[in-house]
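Below is one structure; the comments refer to it alone.
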Amino acid sequence: MDLILDGFGEAWRLLTTGENDIYGITLRTALITGTSTLVALLIGLPLGLALALTRFPGQRGLVALANAGTGIPPVVAGLLVAITLWRSGPLGALGLIYTPAAIVIAQALIATPIIVAITAAAVMALPPTLHLQVRAMGADQSQYLWLIGREARLPLLVAVMAGFGAVVSEVGASMMVGGNLSGETRVLTTAAVLEVSRGNFGGALALGFILLAFIAAIAAVLTTVQHRARRQ
Amino acid sequence: MITTPPVITTPPVTATPPALAIEGVRVRRGKRDVLRVSTLAVTEGETLAVLGPNGAGKSTLLLTAALLLPVTEGTVSLFGEAATRRHLVRMRRQTATVFQEPALLDMTVRRNLETALALHGVPRAERAPRTADWLERLGIAHLATAMPHTLSGGEARRVSLARAFAVRPRAIFLDEPFSALDLETRTELVGDLRALLREERTTALLVTHDHSEAQLLADRTAILIAGDVAQIGPTADLFERPASPAVAEFLGYTVVQAATLPPGLATTQPPSVAPPHATTQPSGLATTPPSDTVRRPPRDSPGGGLIGVPPSAVRLLDATSATSASEGYTAEVRAVQGALGQGRLLLALGEATIAAALPIEEIATRRLERGSVVRVTIDAARLVRWNAPA
C-alpha cells in the first residue's frame with residue numbers, strides 16, 4: 001500500500017517538477033501513438049470498407065486474416081519491423097531503426113488489423129437495404145462511401161479507440177525497434193520498464209499513473225465525440 | 001380473281017418512349033434463373049403492380065428496374081435510355097425507391113429528406129422549403145427533428161415516402177412499402193399513396209403481395225410466377241379473367257376439374273374470356289406482348305378441362321329464405337378460414353372443393369363450422385374455363 005501511495009506522490013512530484021524528462025516522454029508518447037493510430041486509420045479504414053463492400057474470391061480468407069491480426073503480439077510486430085529496418089535488412093538503408101518513425105511503423109502494424117477488422121464488421125453489420133437505399137437515392141461512389149461510413153460512425157469510433165488502446169499500451173515493439181533511447185525514443189511504457197529494471201518501483205508507478213491518466217483523457221475525448229455523433 | 005390487298009392503317013405512333021422498358025432480361029443467381037422477363041413496359045404516369053407468390057422474383061424485378069441489380073442478359077431502359085454502367089448514377093437520380101424496410105439514415109427526419117435532395121442536386125436554398133412542404137403533405141411536420149429510432153412503423157414509412165416524393169422522381173419503385181404494418185395504418189397509407197400518385201402523376205412500379213393494394217393503386221397488374229410474367233393487363237380485367245390455372249390459383253380462385261362440379265355448373269357456358277394480354281395503356285396504345293409472356297386461355301369447351309371459381313362468385317343463401325331450398329346447390333363446410341376481417345369457407349360441392357369469401361362477422365353470426373350444411377349459388381358468368389392440355 002505504501003508503495004502505491006509513494007507512486008502517487010512520485011507521479012505528482014515528477015509532473016510538478018518535470019524531472020526525468022517526464023514532459024518530453026509524455027509528449028513523445030502522445031505524438032508517436034497519435035501518429036501510429038492515424039497511419040493505421042488511413043490504411044485500415046479504406047481496407048476495412050473495401051473488405052466489407054466488395055465481393056471477390058478470397059474475401060472470407062482476408063476477413064479471417066484481419067480478425068487473426070487483431071491478436072498480433074507486439075513483440076512479433078516489433079521483430080518483423082526490426083528485421084526489416086535493421087542495418088542489414090531490406091530497408092536498412094533508410095536508417096530508421098531506433099527512431100520514433102520505427103516505433104510508429106511497428107505500432108501501425110499492430111493497430112491496422114484491429115481497425116480493418118472492426119471497420120469491416122461494422123459495415124457488414126449494416127442492413128443490406130441501407131446500402132441499396134443509399135444507391136437508390138442517387139449517391140455516386142464517394143457519396144455512397146461517405147454515407148455508409150457515417151452510418152457506421154459509432155463502431156468506427158470504437159475501432160479508433162481499440163487501435164489507440166493497443167498502441168499506447170504496448171511495450172515490446174517500442175523497446176525492440178526504438179531502443180528506449182533517452183530523449184529520442186523513450187516513451188511512457190518503455191520508461192516504466194526501465195524504472196522497474198532499476199528497482200525504482202515508485203518511479204515506475206508514477207509513469208504508470210501518468211499513462212493511465214493519458215489513456216483516460218483520450219478515452220474521454222473519444223467518448224464525447226461518440227455521444228455527439230449519436231445525438232446528430 | 002384479283003383481290004385488292006386491304007389497306008393497312010397503323011395507329012398513330014406516339015414518340016414518347018415508355019417510362020420503363022425491360023427487354024429480354026435474365027437475372028441468374030448461382031445456377032438458377034431468378035428472373036426471366038421477355039418484355040415489360042410501363043408508360044409514363046402509369047402505376048403497374050407486380051403480384052406473385054413468395055420467391056417469384058418480384059423484388060428482383062424491382063431492383064432490376066430500379067437499376068440496383070445488374071442483369072445477366074437483356075436491357076433495362078428508363079425514359080428511352082438504355083441503362084449502362086457508366087450512366088447508372090445519373091439515371092438513378094430520375095427515380096426514387098421505397099423499400100419494405102424504411103431504411104432511413106441515422107439522422108433527423110429533416111436531414112433524411114435534405115440529404116436525398118442534395119444527392120439529387122437540388123440547390124441548397126431549395127432544400128429546406130421543399131423538405132418542409134413534403135413533411136407537411138405527409139402529415140409528419142411535427143417529426144422533423146426526430147431520429148429514426150424514435151419513430152413508429154407507420155411514421156417511418158411516411159418519412160420514407162416523403163423522402164422519395166420530395167426529389168420529384170420521374171419514376172418511383174415501391175417494394176412492398178406497407179408490409180408488416182397494422183391494418184389501420186396500412187389502410188391510411190395506401191389511401192395517401194393513391195392520392196400522391198394521382199396528384200404527382202409519377203410513374204410507379206409497385207411490388208406487393210396484397211391484392212387489394214394492387215386493385216386500389218395500379219392501372220395495370222402483372223402476375224409474376226417463377227421469375228416469369230405469367231399475365232399482365234388492366235388490373236380489373238386481370239382479376240376477373242386469369243389467363244391460366246396457375247394465375248387463377250394465385251389470385252385466390254379455386255381451380256377444379258369441370259367434371260367434378262355439379263352437372264348444371266359444369267356445363268355452364270361462361271362468357272368468352274377476352275385475351276388477358278390486351279394491354280391497353282393509358283396512352284391509348286394497345287400492345288401485344290410476345291406469346292411467351294402470357295398464356296392465352298383456350299376456347300371454352302363445356303364439360304371438360306378446368307374451371308376457376310372466384311371465391312366472391314360463391315354466395316351463401318339465407319337459411320331462412322323460402323326459396324333457398326329450391327335454389328342453388330347444397331354444400332358442406334370443410335373448413336373455416338380467415339384473416340384481416342375477411343373469411344373463407346372451403347365447401348364440398350359435388351366432388352369438388354371450392355372456396356367462398358364472406359365477412360368473418362357472417363361466419364360468426366351463422367355459426368358456420370366444419371360439417372355445417374349450406375345452400376349456395378354460384379355466379380356462372382364469373383367462372384373461367386380452361387381446356388385440359390391435349
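Here are a few things to note about the model shown:
- Of all the listed residues (B:179, B:212), the sole one being out of contact with any Pro (no Cβ under 9 Å at 6 or more places or on another chain), under 29 Å from residue B:55 (Cα atoms) and not in a helix (DSSP H, G or I) is B:179.
- Matching residues in segment A:184-207 - criterion: being closer than 14 Å to residue A:25 by Cα, of a type outside the set (D, E, K, R) and at pLDDT 90 or above: A:185, A:187, A:188, A:189, A:190, A:191, A:192, A:193, A:194
- One residue stands out among those in segment A:94-143 that are more than 14 Å from chain B (Cβ to nearest Cβ) and of a type in the set (Ser, Thr, Tyr): the one that is nearest to residue A:71 (Cα to Cα), which is A:112.
- Extreme residue, surrounded by the fewest Cβ atoms within 10 Å (Cβ to Cβ), among residues of segment B:327-369 that are in contact with a Pro (Cβ under 7 Å, 6 or more places away or on another chain) and of a type in the set (A, V, I, L, M, F, W, C): B:357
- Checking B:47, B:64 one by one, the residue that is within 19 Å of residue A:133 (Cβ to Cβ) and in contact with a Leu (Cβ under 7 Å, 6 or more places away or on another chain) is B:64 and no other.
- Some residue of segment B:23-44 being touching a residue at least 60 places away in the same chain (Cβ under 8 Å), away from every other protein chain (no Cβ under 14 Å), farther than 24 Å from residue B:197 by Cα and in a loop (DSSP other than H, G, I, E, B): no
- Every residue from segment B:52-82 that is under 15 Å from residue B:26 (Cα atoms) and more than 13 Å from chain A (Cβ to nearest Cβ): B:56, B:57, B:58, B:61, B:71, B:72, B:73, B:74, B:75, B:76, B:77
- Looking across segment B:97-107 at every residue that is at pLDDT 95 or above and more than 7 Å from chain A (Cβ to nearest Cβ), the one that is nearest to residue B:67 (Cα to Cα) is identified as B:98.
- Only one of B:139, B:191 that is modelled with pLDDT under 95, of a type in the set (Gly, Ala, Ser) and over 24 Å from residue B:42 (Cα atoms): B:139
Yes or no, residue by residue, for (1) among the β-branched types (Val, Ile, Thr); (2) touching a Gly at 6+ places or on another chain (Cβ under 8 Å); (3) in contact (Cβ under 8 Å) with a residue 40 or more places away in the chain:
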position: A:159; (1), (2), (3): no, yes, yes
position: A:163; (1), (2), (3): no, yes, yes
position: A:187; (1), (2), (3): yes, yes, yes
position: A:200; (1), (2), (3): no, no, no
position: A:211; (1), (2), (3): no, no, yes
position: A:227; (1), (2), (3): no, no, no
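- Comparison of B:137, B:130, B:111 shows that the only residue that is basic (Lys, Arg), farther than 21 Å from residue A:229 by Cα, more than 8 Å from chain A (Cβ to nearest Cβ) and more than 29 Å from the chain's Cα centre (by Cα) is B:130.
- Residue pairs whose Cβ atoms lie under 8 Å apart, sitting 6 or more positions apart in sequence or on different chains, and linking a residue in segment B:64-78 that is hydroxyl-bearing (Ser, Thr, Tyr) to a partner that is assigned to a loop (DSSP other than H, G, I, E, B), are B:64/B:71; B:75/B:83; B:77/B:17; B:77/B:18; B:77/B:83.
- Any hit, segment A:138-148, residues being more than 12 Å from the chain's Cα centre (by Cα) and closer than 20 Å to residue B:149 by Cα: yes
- The residue pairs whose first member lies in segment A:125-145 and is surrounded by fewer than 22 Cβ atoms within 10 Å (Cβ to Cβ), whose second member is in a helix (DSSP H, G or I), and whose beta carbons are closer than 6 Å, counting only pairs six or more residues apart or on different chains, are A:126/A:151; A:140/B:89; A:144/A:134.
- Test: residue B:56 is in contact with a Leu (Cβ under 7 Å, 6 or more places away or on another chain), under 20 Å from residue B:217 (Cβ atoms), of a type outside the set (Asp, Glu) and assigned to a loop (DSSP other than H, G, I, E, B): yes
- Filtered residues of segment A:147-170 (kept if facing chain B (nearest Cβ under 10 Å) and part of a loop (DSSP other than H, G, I, E, B)): A:152
- Residue tally, condition of a type in the set (Phe, Trp, Tyr) and in a helix (DSSP H, G or I), over segment B:162-176: 1
The values are calculated or read from the model by the stated rules, or taken from the named source; none is laboratory data. Keep in mind the model is a prediction, meaning the values are calculated, not measured. With ideal geometry, Cβ positions are generated from the backbone for all residues, glycine too; neighbour counts draw on all protein chains shown.
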